[in-house]
Amino acid sequence: MSKKAAPRRVADSEARAFGRSIRVSPRKLNLVAESIRGKTAEKALAELEFSPRRIAREVKRVLESAIANAENNHQLDVDQLVVSEAFVGKSLIMKRFNPRARGRVGKIVKPFSNLTIIVREKSETEAKERA
């Protein structure tokens, strides 16, 4: 007697990957996530490869994980994948302080973020419309 299987959170033609506790502020991470939304998986990987931002390496790892999930777990065609969603959420915030003059404190916040990437397989009609 085991638990019932949880329903899928995404559609049958989609796959998802989640990056937890990435050490960057959500605002900075969202700039990189925004740059890959709506692009094909191949173009998104190329853009992240040559991005000057430090966090692009982490985003690339999560995107590669989503592509691998699509291929291995859901048997989707890798050549037809599009980044349908890439969104960022807040995670924990480490709080530190620096002693300052006259007994005051300089507050330092070190935010972490969560990243979710959902890739979707383009249907045949969508592929024809774009061509």
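The values are calculated or read from the model by the stated rules, or taken from the named source; none is laboratory data. For clarity, every value in this text was computed on a predicted model and none was experimentally measured. All Cβ positions, glycine included, derive from the backbone under ideal geometry; neighbour counts span all protein chains shown.
Quick look at the numbers
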quantity: Test: residue in region 72-79 that is touching a residue at least 12 places away in the same chain (Cβ under 8 Å) and surrounded by 18 or more Cβ atoms within 10 Å (Cβ to Cβ); calculated: yes
quantity: Region 6-25 residues that are assigned to a strand (DSSP E or B), paired with ones that are loosely packed, with under 13 Cβ neighbours inside 10 Å (beta carbon under 8 Å, 6 or more apart); calculated: A15/N73; R16/R9; S21/L92
quantity: Residue match in region 47-62 (condition: closer than 16 Å to S13 by Cα, in a helix (DSSP H, G or I) and in contact with a strand residue (DSSP E or B) (Cβ under 9 Å, 6 or more places away or on another chain)); calculated: no
quantity: For N73: the one exception among (1) modelled with pLDDT under 95; (2) more than 19 Å from the chain's Cα centre (by Cα); calculated: (2)
quantity: Filter pass, N114 being out of contact with any helix residue (DSSP H, G or I) (no Cβ under 8 Å at 6 or more places or on another chain), in a helix (DSSP H, G or I) and of a type outside the set (V, I, T); calculated: no
quantity: Residue within region 96-104 that is assigned to a loop (DSSP other than H, G, I, E, B), touching a strand residue (DSSP E or B) at 6+ places or on another chain (Cβ under 6 Å) and farther than 20 Å from I118 by Cβ present; calculated: yes
quantity: Check on R54, free of Cβ contacts under 8 Å to residues at least 40 places away in the same chain, of a type in the set (K, R) and in contact with a Lys or Arg (Cβ under 7 Å, 6 or more places away or on another chain); calculated: no
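Here's the yes/no breakdown for (1) buried (at least 17 other Cβ atoms within 10 Å of the Cβ); (2) within 10 Å of the chain's Cα centre (by Cα); (3) more than 12 Å from I117 (Cβ to Cβ):
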position: A5; (1), (2), (3): no, no, yes
position: R9; (1), (2), (3): no, no, yes
position: A15; (1), (2), (3): yes, no, no
position: S21; (1), (2), (3): no, no, yes
position: V24; (1), (2), (3): yes, no, yes
position: K28; (1), (2), (3): no, no, yes
position: I36; (1), (2), (3): yes, yes, no
position: E42; (1), (2), (3): no, no, yes
position: E49; (1), (2), (3): no, no, yes
